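What follows is a single structure, written as structure tokens, with notes after it.
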Amino acid sequence: MALIKAEYIWIDGTKPDALLRSKTKIVEEGKALPDWSFDGSSTNQAEGHFSDCALKPVFVCPDPLRKEGDLLVLCEVYNADGTPHSTNTRRPLVELEEKHKHLEPWYGLEQEYTFMKDGWPYGFPPGSHPAVPQGPYYCGTGASYMFGRDIVEEHLEACLKAGLKISGINAEVMPGQWEFQIGPAGGAEVGDHVWMARYLLQRIAEKYGVDASFAAKPAKGDWNGAGCHTNFSTKPMREDGGYDLIIEACKKFGRPDRIEKHLQAYGMGRGLEERLTGKHETCSYKEYKYGVSDRGASIRIPLATQIEKKGYFEDRRPCANIDPYEVAHVILETVTLD
Ligand code: ADP
Ligand code: MN
Ligand code: MN
Ligand code: MN
């Protein structure tokens, strides 16, 4: 009987931005992974006098940080009575996706993040700002401009070993800022893979004594914030005639009540206002516009999509600290409105 380590991972109830929590269960290799429980009063998910919450495994992959056979187990959180916990945003998404299965929605998330050392962006001189302003850092090379590449490379390798749908990485506009892309994948799937990739990033960065921050505006002043551009398409959008459906979707996104709903999910009150000022790519959050190849718009339609008359579109507004399940939910909801 071989024993393996299963790392049970869940999303907690910390506000405004949830944290990832995890603990290890020793289980028999090849056996079904059981539900588990945890002390919800220590994760802002329950009161002390009634503190048990349940963990239900929903996505399992190899653990690239441990031994062959060990597993990472992403879980949904449930109340003791078996109902989904209020912080469980995955369950409503799974239900909505089930309803619109025939559309086969695909999402591609561009997760930006910033390494922080002792509470200050990694690569910034301690307590002050770099002498060289934004310019050479994006997709850059050289020790003067690149900070944390070893962590980034180790993370990419780990994501591939885990079987995550990671599709690329790049250095970003601010020093110490990077991006990985997950997708295309279904809504719950993209969320699972993004949360798992975040987990791996934070675990690997621990070894280097730095934090991977998903804050939307980690450095004040003339520095780009960190986003999570969300690319989206349905099967009909990817087929002939799809361009008209994309324009139709962009118009639905512009309905005032929908703008409000989207901004809530995209990080309103959690750095979105500081990030989307209109000064650093993407227009102000107070405006809504879509355009072909326009990186100053809320929604960008790639040039290739216009030329081929089918494809996908990119919502540039979501912040790095989004819950991908919430974002996938609000997008599918809007696209499927009458
Ligand atoms: P950008 O040019 O904005 O930096 P990236 O290359 O970083 O774009 O990210 C684009 C993302 O869009 C990738 O995750 C990719 O998998 C995803 N993507 C590509 N095609 C589609 C599609 N048809 N539907 C949804 N997402 C897609
Ligand atoms: Mn990108
Ligand atoms: Mn980017
Ligand atoms: Mn983008």
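For segment 97-335, what is the Kirkwood hydrodynamic radius in Å, using each pair of distinct C-alpha atoms?
Details: mean 1/r = 0.0549 Å⁻¹.
So the Kirkwood estimate lands at 18.2 Å.
How would you rank LYS161, LYS117, going from fewest to most other Cβ atoms within 10 Å of each one's own Cβ?
With the fewest neighbours first, LYS161, LYS117 line up as LYS161, LYS117.
Quick one: net charge of PHE253's neighbours, Cβ under 13 Å, K/R +1, D/E -1?
On the way: positive: LYS251, LYS252, ARG255, ARG258, LYS261, LYS289, ARG300, ARG316, ARG317; negative: GLU248, ASP257, GLU260, GLU287, GLU314, ASP315, GLU333.
Around PHE253, the surrounding residues sum to +2.
Run the simple label-point estimate for LEU303 and GLU157 please: 7 Å along Cα→C-beta, distance reported in nm.
3.6 nm
With the dipole of the chain worked out from charges on the C-beta (+1 for Lys and Arg, -1 for Asp and Glu) around the Cα centre, which of TYR138, LEU96, HIS155 lies farthest toward the positive end?
It is TYR138.
Select from the chain the helices, each a whole stretch of DSSP H, whose alpha-carbon atoms run 27 Å or more along the helix axis and whose Kyte-Doolittle mean is at least 0.0; answer none if there are none.
Span-like helices in the chain: none at all.
Run the simple label-point estimate for GLU248 and SER128 please: 7 Å along Cα→C-beta, distance reported in nm.
My value for the distance between the label points is 5.8 nm.
Would you work out the charge dipole size for segment 3-88 about its Cα centre, treating the Cβ of every Lys and Arg as +1 and the Cβ of every Asp and Glu as -1, and quote it to the nearest 20 debye?
On the way: 9 positive and 14 negative charges, 33 e Å.
Here the size comes out at about 160 debye.
Based on the mean of other Cβ atoms within 10 Å per residue, sort peptides 263-269, 277-283, 154-160, 108-114 so the most packed one is first.
Those peptides, ordered most packed to least, come out 108-114, 263-269, 154-160, 277-283.
Taking 45 Å as R0, compute the FRET efficiency from the Cβ-Cβ separation of CYS139 and ASP52 and round it to 0.05.
Efficiency for this residue pair is about 0.40.
Percent relative contact order of segment 115-187, based on C-alpha pairs within less than 8 angstrom and at least six residues apart? Intermediate values should be presented prior to the final figure.
Working: 88 pairs, mean separation 24.1, N = 73.
Answer for segment 115-187 is 33 percent.
Work out Dmax and Rg for segment 24-113 from the C-alpha atoms and quote the Rg first, both in angstrom.
Rg then Dmax for segment 24-113, in Å: 16.0, 45.
Separation between the SER293 and SER22 pseudo-spin-labels, each 7 Å from Cα along Cα→Cβ, expressed in nm?
4.2 nm
In straight Cα distance, which lysines are under 27 Å from LYS101, not counting same-chain residues fewer than 8 positions off?
In chain and number order, the partners are LYS56, LYS165, LYS235, LYS251, LYS252, LYS261, LYS309, LYS310.
Based on the Cβ-Cβ distance from LEU33 to LYS279, what FRET efficiency comes out when R0 is 41 Å, to the nearest 0.05?
E(calc), rounded to 0.05, equals 0.30.
Computed from the coordinates by the stated procedures, all read-outs in this text should not be read as laboratory data. Here the structure is a predicted model, which means the values were calculated and not measured. All Cβ positions, even for glycine, are placed from backbone atoms using ideal geometry, and neighbour counts span all protein chains on display.
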